[in-house]
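To keep things clear, I will list the structure first and then write my remarks on it.
What follows draws every value from the coordinates through simple rules; no lab data is involved. These numbers come from a predicted model, not from an experiment. All Cβ positions, glycine included, derive from the backbone under ideal geometry; neighbour counts span all protein chains shown.
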Amino acid sequence: MSVSLSSRHRSDVVARLRAAGCVFAEDEARLLISAALTPADLTAMVDRRAAGLPLEHVLGWAEFCGLRIAVDPGVFVPRRRTEFLVEQAVALVRTTTGGLVRPAAGMLVQPAAGPPPVVVDLCCGSGAVGAAIAAALGRIELHAADIDPAAVACARRNLAAVGGRVYEGDLYQPLPATLRGRVDVLAANVPYVPTEEVGLLPPEARTHEPLLALDGGMDGLDILRRVAAAAPRWLAPGGHLLSETSERQAQRAVEALATSGLTPRVARSDEPNATVIIGTRPALA
Ligand SMILES: C[S@@+](CC[C@H](N)C(=O)[O-])C[C@H]1O[C@@H](n2cnc3c(N)ncnc32)[C@H](O)[C@@H]1O
């Protein structure tokens, strides 16, 4: 849907967004204009954006790994750098399970024999990570969980089409016990901002995303340590835990994974600037 605007009105929208501090005012104007159903709708959307609401909350969706992920108000907006975690997860599933899947031109390859890979998206927020892994792999058993009811509702909508089941509760607590020892990939993009740095985040995040989605405790790794400590009980032999951190936190995160009995390594990308810690449960001898 889109409203048709004169070039003068279009320029007004761009100018309004630029004056409000939107760096990519032209791109944002294009997206808002194409999303608005009526001129009044557009005015309301521009007002909300100019007042500081994240663009994704105004539009109701974020682009992530080429997908449109619904993002409800108050739900963490998936970040483009997290696409690197998805890439790592997909590559690991392909190599460790011999799995299948959608290599070129959107065509699905015949699934490998046997059960589909089991993927858990822990601290799922909107469910973007799970949705993107499912889109890349085609056939997985997907489970997701979050403690925030708003995130759970949003993830349920995003994951319904791929058959993902979404649970509400603290970390592993709501997951079915039948998953223990069966998880091939545990993607846990947990909150990892150190408490005293939350105040330094851009106002969009500080004001419009829940503190629960951002604050990772004193050094930012409190939740990751809890996830790592229990991960060996949920991972299949040879299964992997993946979690995003900052580059600065990577060494301490590696230590946390090693302490829990996982074999750790760090994957780094400069573009986007992303660090992913990967811990692998040793395969059974
Ligand atoms: C940084 S956001 C990441 C969301 C999503 N994985 C993504 O990448 O877009 C962290 C998420 O962890 C959830 N969370 C925080 N503490 C949690 C806990 N103890 N148990 C489950 N989820 C938790 C928050 O509600 C939030 O949705």
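What the table shows:
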item: Tilt relative to the chain, helix 250-259 - C-alpha long axis, 0 to 90 degrees, to 10; result: 30
item: Most positive-pole-ward Cα, Q173, A29, P39, against dipole of the chain from beta carbon charges; result: Q173
item: 5 angstrom amide H check on W61, placed H, neighbours 5+ away; result: V71
item: For the range 271-282, 3J(HN,Hα) per residue [Karplus equation, 6.51 cos²θ - 1.76 cosθ + 1.60, θ = phi - 60°, Hz, x = Gly/Pro]; result: 9, x, 6, 8, 10, 10, 9, 10, x, 10, 6, x
item: DSSP bridge orientation in the range 191-285 - percent antiparallel, rounded to nearest 5; result: 95
item: The range 241-285 versus the range 51-74: alpha-carbon centroid distance in Å; result: 28
item: Rh (Kirkwood; distinct C-alpha pairs) - the chain, Å; result: 19.8
item: Simple label model, 7 Å out from Cα along Cβ direction - A229 to D170, nm; result: 1.1
item: Per-residue HN-Hα couplings for the range 153-160 [Karplus 6.51, -1.76, 1.60; θ = phi - 60°; Hz; x = Gly/Pro]; result: 4, 5, 5, 4, 5, 6, 9, 4
item: Nitroxide proxy distance, nm - points 7 Å out along Cα→Cβ at S2 and E197; result: 4.0
item: Whole-number percent relative contact order across the chain, with pairs defined as alpha carbons under 8 Å at least 6 apart; result: 14
item: Neighbour-count order for T263, T96, T82, fewest beta carbons within 10 angstrom listed first; result: T263, T96, T82
item: Approximate spin-label separation R157-L212, in nm, with each point projected 7 Å along Cα-to-Cβ; result: 1.8
item: 5 angstrom amide H check on Y172, placed H, neighbours 5+ away; result: none
item: Mean Cα-pair separation over length for the range 1-76, i.e. relative contact order, pairs under 8 Å, 6 or more apart, %; result: 26
item: Value at 222 nm in deg cm²/dmol, rounded to 500, when DSSP H runs of n ≥ 4 in the chain each add -39,500 (n - 2.57); result: -11500 deg cm²/dmol
item: Stokes-Einstein D (µm²/s) once Rh is taken as the Kirkwood radius of the range 126-268 over alpha-carbon pairs, at 4 °C in 1.567 mPa s; result: 81
item: Residues T195, T280, T245, T207, sorted so that the one with the fewest Cβ neighbours within 10 Å comes first; result: T207, T195, T280, T245
item: Using θ = phi - 60° and Karplus 6.51 cos²θ - 1.76 cosθ + 1.60, couplings along the range 130-142 (whole Hz; Gly, Pro as x); result: x, 4, 6, 5, 4, 5, 6, 9, x, 9, 9, 9, 10
item: Length gained when the stretch Q251-S11 is fully extended (0.36 nm per residue, less Cα-Cα span); result: 81.6 nm
